[in-house]
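Chemist: Next up is a structure, given as structure tokens.
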Amino acid sequence: MQRPHVASHLYQPSQSATAGAQQLGHANMYVRPAGVLRASAPEGSRPAATQEFDARANELPSAATDSGRRLKQLVGSADGSESSGQGFRIQEPAAHPGGDQATAEFGSETPESEVEPRQFYSRNRQKGGRLIDRAPLSTADFIGVDDGSASVRFARSSVFSWPSNRLTLQKTRIPLGIVFSPFADGAPGEAAVPNVQCNEPLRCSACGAYANANFRFHSAGYAFDCNFCGTSVRTPDEHQCVLNPATGQRADFDVRPELWCGTVDYVVSDPSYAAVRDEERDSGRPATRDALESDEKTNGVCHLVFVLEVTTRTVSSGALAVALSATRHALSTWSYLDRCRIAIVSFDASVCFYGFENSRITEYIVPDVDDDPFPAVQTQQCFLSRDIAYDVISSIFDRWCVDTPSVLPIKSCLGSALALVQRTVKSVGGKIFCLVSSTPSCGLGSSVSSIPVTSQSSADALSVESSAFFERLGETLALQYMAVDFFVAAEHGRPFDCASTALCVERSGGKVFYFPSFQFQESGDLLGRAWLRSLSAIRGFDAVLRVRTSRGIKVSHVYGHCYFPVSSELEGYMPVADADMALDVTFSVADRKDAVKEAAIQLAVLYTDIQTGQRRVRVHTILPSVTALPNDLFKTADVDAILSISAKQLAAAVVRKSLSVAQARRSLIDRVVDILHGYRKHCVQDSKSSAGQLILPDSLKVLPLFVLGLMKSSAFREATNVDAAGQLAILHALASFQPAFLLEMAHPRIFLLDELPDWAGLPYPPNPYPVVGSLAAQNAGGVSAPFEEPVAWPRSQKCSSQLLTDENALLVMFTALDFTVYIGGNVSAELLQDCFVTTQDGRVLPRGMYDGMSESGVHDAARAQRITSIFERLFALSPYIRRCVVVQKGERAKVAQFVHPNLIEDRITSTGTWSYMEFLQCIHRRILQKIEEERVSFEFNSHDMLNYGF
Ligand SMILES: [Zn+2]
């Protein structure tokens, strides 16, 4: 066996965001941006190329051949009211709708136009139902501005004008919800989240809501009205301040970011904000964390546990070597791990903890994994300092990956290993990184019985039992502030049972990374990347969250990886605050007329910051306008949030086995039809001319395309038997996807590398209006926080098979899960040299996947560097990349398996179902059918009424 080798080329953590937060992280350092925000896009960024066409006519203008007319970006386009009745307007499906720069010019008129600086986007909150600009897609390059309502980087609402009553919402059929990415990293140039130092934050004493831009102070500052519950509350002494008679604002307004920012981090010192540990909850006694090591201050220390399967599968596929090398790399280079305590556990049919006593590595082995209760392992014994952990990892590496034993264990007791870890570390909390390959075959929660399973029903019963075990385990872990990440290196032909085991990840607030048919040669680098990214994504621990809503609005469901112990209470556990995690919350609105007068939604996450060990509360406040008009909902609808909420609802249903994947696909279509039918019925003046046309609101022009893409994506595609396990793993992972990951998955980015414009792969030009940089700079003497502009993407191509007809084409296709390079029949050797690098062990990999880029063999160094930058940026877009494949023209099987699924706009037999045009026609037919059915039933009812003499 060739020895797997993971060098230092692995993913580097992006510390910039957190470093920025620290630099700027003091209260009193902000002034409010005073009306300098340029919220709307400049002239000329309106969507231009729209097509009209009558779906009843058989002659469809082929969007595929009309590549010159492309739609400019949606961002900042005027509201679509004046054009909404004009007929069928298709988002010209040529360019990646979100991948390009906010106002980049597309099209043949100005093919090589200079790339423009990134645009600012602000929600531009307006009271009284005024419209706001549409948010850029989550995959677009923009600079988000916090203007009192949290930036779309952190919270995307499915509509930015909220309905004032249930009827308005029902008419639109849009799911009402918010996708929170509470710890998302900001884009370069975005202001860091302001820190507010206080003993206890300013809050409403009646409902607990945190201060926000709509708290109304009165009585000379001694009291305020809460915008959540409407109560008039006395201002606590710590926060007393007089009002400025000229403005009516508090005199300290400018230095209190919580009064004008949608997102703030409170640094709290009051003991009531400390983490409540399990034993404290149970017994009322204080937690034992401080007793853990009396001579060391353990509060604010993060605990990491690496749980590694050491069986023949993980050892011979190279997965174990990758995980160990990646861990060792992090331990040797990342300074923030100084603050961490690390435990290492390996398991096969038994479980082994590693300790350190008398300057020697000690192993504590629990051999009998079926025999619960297990002998206890002392918490103190197994948590190691960074240096010792490095030595332990090295010794495991030598033992398994260098002097590989000739006989390797086969059985795995995943359930028992995790249960043991849970009991051992329950007093400290933290994060578990778990490398697995085999479905548990012994110990607790194993789904393979020692008694031969005789029938399908007994196999099902076993799997139900196993699911229940892992679900309970996840809940227990969550309550102890432990999250588990699964890194599944699945063996070819022997799928890993995600159906039951991943429930433990879901409940504890972790992530699932799944590598189908894992082999070191192909996926080793990607596993290493995912491992390190997950390690570097930790922003805090001991986290609990709470959602608050203003009157008339209620939380109806929370989708995502977290645990709400009492479903009626809105306090949930998401033990580890993670930069890559998202949470979808859906809401219902009360029935009465004008039930919602003022909408406000707040997500508060109480956590311990990993960099500083401080106890903090991150608060995101969303303050949408309110309207009674369905049309306003459509105008401000956010396609990203709608897609995310729908996908997660259906994924949850499939995972819970209440829907099949095929039913989920049908349900996706139903949703699009319902929404567009709602628009047609309530917002379009039906006239003769529009009767036969499919009419889409401007804000949702790309919804059908994205839904079609989602249906053809690896999550909802029709899967073969072998693939089904992988599909289930994706559906599990999807529940915590941020909107950008989901959109990348639904709509692949495709770049043509043989026609690279000369600006692609170079940083965007600096913005002439550095609004956000100056926000911090205004206080720090005019010096803005340094940042580098991200590199500009090449133009995105339409996901159509026409691309494959060009013999010179060198295509890179990217979804959040797969990275595919397609090489046409006649690609120059020079270009290939600039795109690929040969590794020491003779593998050919895309540049940028490998840090140790060799200059040798490069044809055009500048081009190679630009391509490297583009690839690096692609690899940094998603933590979930599981495959990197290079396909050459003529490799028919590979083209069908890896290339065709990305061409979502065409009908390709291997991916089944519709082309984009056919899909639009199908939706249109269904809408017409619905209108017809309603008309008939209305006439029938009227007829009935006449008969009864009404
Ligand atoms: Zn209140």
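Chemist: Starting from the Cα of S316, step 7 Å along the direction of its Cβ; do the same at Q802; then give the gap between the two resulting points in nm.
Modeler: 4.9
Chemist: Taking θ as phi - 60°, what are the ³J(HN,Hα) couplings along segment 325-335 by the Karplus curve (6.51, -1.76, 1.60), each to the nearest whole Hz, with x for Gly and Pro?
Modeler: Coupling constants for segment 325-335: 5, 5, 4, 5, 4, 5, 5, 8, 10, 8, 6 Hz.
Chemist: Using r as the Cβ-Cβ distance of S205 and I931, and R0 as 60 Å, what FRET efficiency do you calculate, to the nearest 0.05?
Modeler: Plugging the Cβ-Cβ distance into 1/(1 + (r/R0)^6) gives 0.70.
Chemist: How big is Rg to Rh over segment 638-746, alpha-carbon atoms, Rh as the Kirkwood inverse-mean-distance radius?
Modeler: 1.04
Chemist: On average over all directions, what projected area in square nanometres does segment 549-626 have, based on the convex hull of its Cα atoms?
Modeler: Over all viewing directions, segment 549-626 projects a mean Cα-hull area of 6.1 nm².
Chemist: Per residue of segment 159-170, what does 6.51 cos²θ - 1.76 cosθ + 1.60 with θ = phi - 60° give for ³J(HN,Hα)? Whole Hz please, x for Gly and Pro, Karplus curve as stated.
Modeler: 9, 8, 9, 8, x, 7, 7, 5, 4, 4, 5, 4
Chemist: Starting from the amide H of V196, placed 1.01 Å from N in the peptide plane, find each other amide H under 5 Å away whose residue is 5 or more places distant or on another chain.
Modeler: So V196 has HN proximity to D265, Y266, V267.
Chemist: Given N residues in segment 113-234, what is its alpha carbon radius of gyration divided by 2.2 N^0.38 Å?
Modeler: 1.28
Chemist: Now for a different question. If you average the sequence gap of Cα pairs under 8 Å that are 6 or more apart and divide by the length of segment 638-746, what percent do you get for the contact order? Each step should come with its number before you reach the end.
Modeler: Working: 81 pairs, mean separation 43.8, N = 109.
Reported relative contact order: 40 percent.
Chemist: Shifting gears a bit: Under the definition of Cα pairs under 8 Å and six or more residues apart, what whole-number percent is the relative contact order of segment 564-686?
Modeler: Value for segment 564-686: 17 percent.
Chemist: Hey, another quick one. Once amide H atoms are built 1.01 Å from N in the peptide plane, which residues 5 or more positions from I432, or in another chain, come under 5 Å H to H?
Modeler: V305, A483, V484, D485
Chemist: What residue among S714, Q663, L694 has its Cα farthest toward the positive end of the dipole of segment 638-746, where the charges are +1 on Lys, Arg and -1 on Asp, Glu, each on the Cβ?
Modeler: Result: Q663.
Chemist: Please compute the length gained on full extension between T333 and R843, using 0.36 nm multiplied by the number of residues separating them and subtracting their Cα-Cα distance.
Modeler: That pair, T333 and R843, stretches by 181.0 nm at full extension.
Chemist: Output the direction-averaged projected area (hull surface divided by four) of the convex hull of the alpha-carbon atoms of segment 303-538, in nm². All intermediate terms of the calculation are to be shown ahead of the outcome.
Modeler: Numbers: hull surface 49.5 nm².
Computed as one quarter of the Cα hull surface, the answer is 12.4 nm².
Chemist: At 0.36 nm per residue, minus the direct Cα-Cα distance, what do D252 and D270 gain on full extension? Give it in nm, one decimal, please.
Modeler: Additional length available on full extension: 4.3 nm.
Chemist: Right, next: Considering amide H positions built from the backbone, and no H for Pro or chain starts, which residues 5 or more places from F356, or on another chain, come under 5 Å of its amide H?
Modeler: Under 5 Å from the amide H of F356: T362.
Chemist: Quick check on my link table: of K648/K701; K431/K712; K712/K798; K712/K894; K648/K894, which ones sit more than 23 Å apart, alpha carbon to alpha carbon? Intermediate results must be reported in sequence, preceding the final value.
Modeler: Working: K648/K701 21 Å; K431/K712 34 Å; K712/K798 15 Å; K712/K894 17 Å; K648/K894 30 Å.
Listed pairs above 23 Å: K431/K712; K648/K894.
Chemist: A further question follows. Do you know the relative contact order of segment 518-588, to the nearest whole percent, from alpha carbon pairs under 8 angstrom that are 6+ apart?
Modeler: Once divided by the residue count of segment 518-588, the mean separation gives 37 percent.
Chemist: Determine ³J(HN,Hα), in whole Hz, for all residues of segment 150-157 in sequence, where each value follows from phi through the Karplus function 6.51 cos²θ - 1.76 cosθ + 1.60 and θ = phi - 60°; x replaces Gly and Pro.
Modeler: Result, ordered by residue: 4, 4, 4, 4, 9, 8, 10, 9 Hz.
Chemist: Still on this structure, please answer the following. Hey, what's segment 303-538 come to in accessible area per residue, 1.4 Å probe, Å²? Before the final figure, lay out each step's value.
Modeler: Numbers: 7820 Å² over 236 residues.
Here the residues of segment 303-538 average 33 Å² of exposed surface.
The values are calculated or read from the model by the stated rules, or taken from the named source; none is laboratory data. The model shown is predicted, which means the values in this text are computed figures rather than measured ones. Glycine gets a Cβ as well: all are built from the backbone with ideal geometry, and neighbour counts include every protein chain shown. The accessibility values were calculated without ligands, DNA or RNA, using every heavy atom of the protein model including side chains. Shrake-Rupley method; radii C 1.70, N 1.55, O 1.52, S 1.80 Å.
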